[in-house]
Amino acid sequence: MNNSVSNEAAARRASAKSVALPAEKGSWSLVSEPILLGLLAAPSWAGAALAVGAFATFLCNRPLKVYLADRRRGRAYERTALARRYLALYAAIAVAGFAGGLALGGWRPFAPLAAAVPLLALFAFYDQRPGRHWQAELAAPVAFAAIVAAMGLADGWAWSPALGLWGFMIARAVPAVLFIRARLRLDKGKEAAPGESLPAVFVAHVLALVAVAGLAWLGWLPWLAVVAAAVLLARAVWGLSAWRWRISVIALGFLETGFGVLAVLLVAIGSWLR
């Protein structure tokens, strides 16, 4: 009897986790990095409130996806009601966070968030379709990276350095998605998909480095951001070479998160020193 109750409780916990939390582990890092950069480089109560709103919005995606999938089937399961409850909870937190950001920072920080809405719509369109789509994987991190610009504006930054932070996070996120997809295919011995060949990944990183250097030259980013972009380029060259370490997918995810945090710290330190 106790074993049966224990198994049922474990099943409920597993079900709640599968409904409440995103299944894609890499999405946690690409969403958290711009928030971390904003908290470090431009700390403010308004920015923190906006960060809460943005992260809650990110969490809305999984229960919304589950709920809509069940509704399209014309059926209601236990997980459907669970997804609806989590969606309502996350949406309430998101509204509270954005309301707090508005009360503390005014309308100005919402401009980059509004600019990111079409990208979020593009992500939602492809994410609701079966399978994995590169459009969704690229649109989501670019859209969510807008939060760092909003946090900069909430802290009283001028437009150019605030948008420069967004530019850096785009230069970090887009090549990272291509790198991870190419690395996973390479480790599995699969043929590279269009846009994910080794030369394409390297070109994306080089263009990101050039873009970051251009923003630094304009004064929109600190020069340490160029160092961060160079480190990410070196990581891609090594990570796709014949000398790369053979590691598990989980270990690769942690390693990529480490490089992302290092890049964020370098940009934050550069911002402190300006």
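Here, each number is a calculation from the coordinates, and none is a lab measurement. Since we're looking at a predicted model, the values are computed, not measured. Cβ placement follows ideal geometry from the backbone for every residue including glycine, while neighbour counts extend to all protein chains displayed.
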Approximate spin-label separation residue 107-residue 76, in nm, with each point projected 7 Å along Cα-to-Cβ: 4.0
In nm, spacing of pseudo-spin labels at residue 16 and residue 245 (7 Å Cα→C-beta vector): 3.5
Lysine pairs meeting the criterion (Cα under 26 Å, 8 or more apart or interchain), as found in the chain: 5
Cut-off 12 Å, label 7 Å out along Cα→Cβ of residue 269, residues of region 221-256 by amide N: 224-225, 227-228
Per-bin percent of Cα-Cα distances, the chain [10 Å]: 7, 27, 32, 23, 9, 2, 0
Average Cα contact separation per residue, region 73-219, under 8 Å, 6 or more apart, as relative contact order %: 18
P(r) tail fraction, region 16-156 - alpha-carbon pairs more than 25 Å apart, %: 28
Inter-label distance, nm, simple model (7 Å from Cα along the C-beta direction), residue 92/residue 231: 4.1
Dipole moment magnitude, nearest 20 debye, the chain about Cα centre, only Lys, Arg, Asp, Glu C-beta charged: 840
Protection-proxy order for peptides 142-154, 231-243, 209-221, each taking the mean of Cβ atoms within 10 Å per residue, highest first: 142-154, 209-221, 231-243
10 Å-binned pair-distance histogram of region 158-274 (Cα, whole percent): 14, 45, 28, 11, 1
Around residue 90: net Lys/Arg minus Asp/Glu count, Cβ-Cβ under 12 Å: +3
The chain - percent relative contact order, Cα under 8 Å, separation 6 or more: 20
